[in-house]
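The values are calculated or read from the model by the stated rules, or taken from the named source; none is laboratory data. All figures in this text were calculated on a predicted structure; none of them were measured in a lab. Note that each Cβ is placed from the backbone with ideal geometry, even for glycine, and that neighbours are counted across all protein chains shown. Note: areas computed on protein heavy atoms with side chains; ligands, DNA, RNA excluded. Shrake-Rupley method; radii C 1.70, N 1.55, O 1.52, S 1.80 Å.
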Amino acid sequence: MLNALMKIFGKKEPSGKVARDRLKVVLIHDRASVSPEVMEHLRRDILDVVGRYLDINPEEMDISLANDEDSVALVANIPVTNLRHGGKR
């Protein structure tokens, strides 16, 4: 949500920081040995499951792997537009 507010109010990150963050993501993906195809399949599966219970904005969804010393974590930022009552579509 904070990212969405930052976009609305125009606060931009310096291009060097953006490039550094992107490089970190690339390095983490390499270390985790996860291909872009696997990440895309994972993204679609997460969209499918989460979409059963919540209305989400898939265009603004961000999924990445984060490296924390000896482990890798899956980080998902999924904007929710509405809660569903009843579970399935």
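Does at least one position in segment 8-29 carry a residue that is at pLDDT below 75, open to solvent by 60 Å² or more (accessible area, probe 1.4 Å) and of a type in the set (S, T, N, Q)? I'd like the intermediate steps shown before the answer.
Quick first cut of segment 8-29, residues at pLDDT below 75 only: 8-13, 24-29.
Now drop any that are not open to solvent by 60 Å² or more (accessible area, probe 1.4 Å), which leaves 8-9, 11-13, 24, 26-27.
Imposing the further condition that a residue be of a type in the set (S, T, N, Q) reduces the set to none.
So far as segment 8-29 goes, no, none of its residues is at pLDDT below 75, open to solvent by 60 Å² or more (accessible area, probe 1.4 Å) and of a type in the set (S, T, N, Q).
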**OP:** Quick one: in segment 52-89, of everything that is surrounded by 10 or more Cβ atoms within 10 Å (Cβ to Cβ) and among the basic types (Lys, Arg), which residue is modelled with the lowest pLDDT?
**Re:** 84
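Please enumerate the residues belonging to segment 35-51 that are within 14 Å of residue 83 (Cα to Cα) and either touching a strand residue (DSSP E or B) at 6+ places or on another chain (Cβ under 8 Å) or surrounded by 11 or more Cβ atoms within 10 Å (Cβ to Cβ) (or both).
Quick first cut of segment 35-51, residues within 14 Å of residue 83 (Cα to Cα) only: 49-51.
Passing the criteria: 50, 51.
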Original post:
residue 32 versus (1) open to solvent by 80 Å² or more (accessible area, probe 1.4 Å); (2) in contact with a Leu (Cβ under 9 Å, 6 or more places away or on another chain); (3) modelled with pLDDT under 70: which is the lone unmet condition?
Top reply: (1)
